[in-house]
1. Which condition breaks for Lys180 when tested against (1) surrounded by 14 or more Cβ atoms within 10 Å (Cβ to Cβ); (2) under 16 Å from the mean Cα position of the chain (by Cα)?
2. State whether one or more residues within segment 102-111 are small (Gly, Ala, Ser) and exposed (fewer than 15 other Cβ atoms within 10 Å of the Cβ).
3. Out of segment 109-135, which residues are of a type outside the set (A, V, I, L, M, F, W, C), under 12 Å from Ala93 (Cα atoms) and either within 11 Å of the chain's Cα centre (by Cα) or in a loop (DSSP other than H, G, I, E, B) (or both)?
4. For segment 96-112, which positions are within 10 Å of Arg81 (Cα to Cα) and touching a Gly at 6+ places or on another chain (Cβ under 6 Å)?
5. Does Lys138 count as closer than 16 Å to Lys98 by Cβ, in a loop (DSSP other than H, G, I, E, B) and not polar (S, T, N, Q)?
6. Can you work out which of the residues in segment 141-152 that are within 16 Å of the chain's Cα centre (by Cα) and within 17 Å of Asn96 (Cα to Cα) is surrounded by the fewest Cβ atoms within 10 Å (Cβ to Cβ)?
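Just so it is clear, none of the values below were taken in a lab; they were calculated from the coordinates. Since this is a predicted model, take the numbers as computed values, not measurements. All Cβ positions, even for glycine, are placed from backbone atoms using ideal geometry, and neighbour counts span all protein chains on display.
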Amino acid sequence: MRLSGQEGEENCAMGAGSAGSSVRAVLASNPDAHFHAESICLDPDCLHPDHPGSASVYYPTWVDIWQQERKGFLLRDHVFRVFCKTHPGLNLAVHNDKLVLMPANTQDESQQWVKDESYGLRAKDCYGHPAFSLINKKTGKILKHGKHKGHQVHLMDYEANVRDDDIMWTESQDFGEGFKTLRCASNTLLNLTVSGQGKSLELDTWHKTDHQLWKVFPL
């Protein structure tokens with residue numbers, strides 16, 4: 001997983017090129033196309049100050065294109081409930097700014113998670129599984145893991161333009177009935193684990209038990 005240094009930048013650039021191909025195609029085939037306010041304008045008579053021919057012209061870089069594509073992923077309805085095989089009637093939720101397992105209520109936005117899969121275009125784990133992040137729909141906070149066994153899984157404010165290995169997760173193979181492990185993209189030996197009779201979530205190595213198996217189920 002190449003996410004830092006020069007190699008990480010190259011990896012990011014390659015991913016952006018792939019993700020932004022549709023946007024680049026629009027720009028290439030329309031000489032008057034340009035960005036303003038997070039959209040592409042195709043009107044040659046546009047009087048917006050960013051339009052070509054005006055005093056101030058903004059030509060999008062590959063970074064801009066990449067960010068546009070990421071926003072497109074988040075605007076889609078990639079909303080899921082997340083639950084553990086040990087407690088199938090409880091959903092992962094946010095309550096009082098803490099991660100908890102709550103009785104399932106699919107109408108409760110604190111139990112709904114947006115799965116940002118755009119990371120998978122440029123970041124994969126050692127098995128080639130694409131990375132993603134999970135953002136709580138009600139609070140806008142993102143699920144963040146640590147780097148070592150025993151570290152608590154917690155929440156942090158979501159910042160769309162910040163690249164952080166610790167917000168990237170991947171799923172394992174299917175262990176039956178759609179249940180998989182949720183593990184750190186940067187270290188697949190560490191899995192999301194329910195501990196303390198469901199009172200806390202932490203990273204642990206694989207013990208082949210149901211309290212380490214999860215389902216990310218679309219709503």
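1. (2)
2. Checking segment 102-111: not a single residue is small (Gly, Ala, Ser) and exposed (fewer than 15 other Cβ atoms within 10 Å of the Cβ).
3. The answer is Gln112, and nothing else.
4. Ala104
5. So Lys138 passes the test.
6. Once the filter is applied, the top-ranked residue is Lys141.
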